[in-house]
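Colleague: The structure's right below; bear with me while I get my questions together.
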Amino acid sequence: MSEEPVLHGPPVDQARIEKAVREILIAVGEDPDRDGLLDTPARVARAYAEQFAGLRQEPEDVLTTVFDADHDEMVLVKDIEVYSTCEHHLVPFHGVAHVGYTPNARGQITGLSKLARLVDMYARRPQVQERMTSQIADALMNTLKPRGVIVVIEAEHLCMTMRGVRKPGARTVTSAVRGDFRESPSTRAEAMSLILGR
Ligand SMILES: Nc1nc2c(ncn2[C@@H]2O[C@H](COP(=O)(O)OP(=O)(O)OP(=O)(O)O)[C@@H](O)[C@H]2O)c(=O)[nH]1
Ligand SMILES: [Zn+2]
């Protein structure tokens, strides 16, 4: 489905972002009134409204479809492309997320796309990778009540590549395991081998 996401709370204050971006341009020694930069503050405001839309969404807005199915074994969606914004430098980090769960005894499952939507929702906030990983796992546990959840995110942080320590290619891997993935080493090992077996 391509429906517009439900957003809660006041809309992004675009005028305020525009004012701030103009100030930043002046502060770095640019002329915000030159031709190429005239529309930049408004563009950044629109881009931020999109990049941070997840601040005004909750998991229930995204995990809208729950089916009863006769399947109570692992479901895993691999290689969900993820773009987020590092909350320390406001530059992107990007990579892939792998999200798996074991349905509960009733065999309750959700639409596969909803797992990717959940990743997107948390990615569209100022983030650190560790928190985003746990938030996705906890949201799935709370809404779908599965027997367990595993979330693994592999990402490259532009704050580590384009600036600062400058280590292009360094990838950060984070994982969050809940329920049977935490308790049972064999369940976790099965998921990890499916995730790593490309
Ligand atoms: N744990 C964690 N750290 C992150 C993430 N994104 C960025 N960082 C780190 O946040 C840290 C911020 O460190 P500071 O020393 O406060 O900032 P800084 O002077 O800009 O640090 P450098 O990046 O080392 O130049 C850096 O080490 C970043 O690599 C993330 O998702 N998780
Ligand atoms: Zn950063």
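Colleague: Would you mind telling me the share, in percent, of accessible area of region 1-138 contributed by carbon and sulfur at probe 1.4 angstrom?
Modeller: Values: 4090 of 7740 Å².
Summing carbon and sulfur atoms, their accessible area is 53 percent of the total for region 1-138.
Colleague: What does the accessible area per residue of the chain come to in Å², with a 1.4 Å probe and no ligands, DNA or RNA counted? Walk me through the numbers before you get to the answer.
Modeller: On the way: 11090 Å² over 198 residues.
So the chain comes to 56 Å² accessible per residue, rounded to a whole number.
Colleague: Sort 15-28, 159-172 for me by packing, meaning the mean count of neighbouring Cβ atoms within 10 Å per residue, highest on top. Walk me through the intermediate numbers first.
Modeller: Values: 15-28: 13.7, 159-172: 12.0.
Per-residue Cβ counts within 10 Å, averaged per peptide and sorted highest first, yield 15-28, 159-172.
Colleague: For region 100-198, what does the alpha-carbon gyration tensor say about shape, rounded, prolate or oblate, given a ≥ b ≥ c as the root eigenvalues, a/c under 1.5 as rounded, and a/b over b/c as prolate? It would help to have the intermediate numbers written out before the result.
Modeller: Values: a/c = 2.55, a/b = 1.70, b/c = 1.50.
Judged from the Cα gyration tensor, region 100-198 comes out prolate (a/c at least 1.5, a/b above b/c).
Colleague: Taking R0 as 22 Å, what's the FRET efficiency between GLU23 and CYS159 from their Cβ-Cβ distance, rounded to 0.05?
Modeller: Values: r = 22 Å, r/R0 = 0.99.
According to the calculation, E is roughly 0.50.
Colleague: Leaving out ligands, DNA and RNA but keeping every protein chain, what accessible area does VAL99 have, in Å² rounded to the nearest 10, with a 1.4 Å probe?
Modeller: 0
Colleague: Still on this structure: So, taking all protein chains as they sit and a 1.4 Å probe, how much accessible area belongs to ASP33, in Å² rounded to tens?
Modeller: 90
Colleague: Residue farthest toward the positive end of the dipole of region 93-198, with Cβ of Lys/Arg at +1 and Asp/Glu at -1: which of ALA137, ALA176, GLN127?
Modeller: Going by the Cα projections, it comes out as GLN127.
Colleague: Once Rh is set to the Kirkwood radius over Cα pairs, what Stokes-Einstein translational diffusion coefficient, in µm²/s, holds for region 1-127 at a temperature of 10 °C and a viscosity of 1.306 mPa s?
Modeller: Working: Rh = 17.0 Å.
Using the Kirkwood radius from Cα pairs, D works out to 93 µm²/s.
Colleague: Right, another one. Residue by residue through region 60-71, which ³J(HN,Hα) values in whole Hz follow from phi under the Karplus form 6.51 cos²θ - 1.76 cosθ + 1.60 (θ = phi - 60°), with glycine and proline marked x?
Modeller: With coefficients 6.51, -1.76 and 1.60, one gets 5, 6, 9, 8, 8, 10, 10, 9, 8, 10, 8, 10 Hz.
Colleague: Report, to the nearest 10°, how far helix 14-27 tilts away from the longest principal axis of the Cα atoms in the chain, using its own Cα long axis and a range of 0 to 90°.
Modeller: Once rounded, one gets 60 degrees.
Colleague: A follow-up question, please. What number, rounded to the nearest 500 deg cm²/dmol, is the helix-based mean residue ellipticity at 222 nm of the chain, given -39500 (n - 2.57) per DSSP H run of at least four residues and division by all its residues?
Modeller: Details: 8 runs with 78 residues, N = 198.
That calculation yields -11500 deg cm²/dmol at 222 nm.
The values are calculated or read from the model by the stated rules, or taken from the named source; none is laboratory data. The structure displayed is predicted, hence computed values, not measured ones. Cβ sites come from the backbone with ideal geometry, for glycine too, and all protein chains shown count toward neighbours. To get the accessible areas, we keep the full protein, side chains included, count just its heavy atoms, and leave off ligands, DNA and RNA. Shrake-Rupley method; radii C 1.70, N 1.55, O 1.52, S 1.80 Å.
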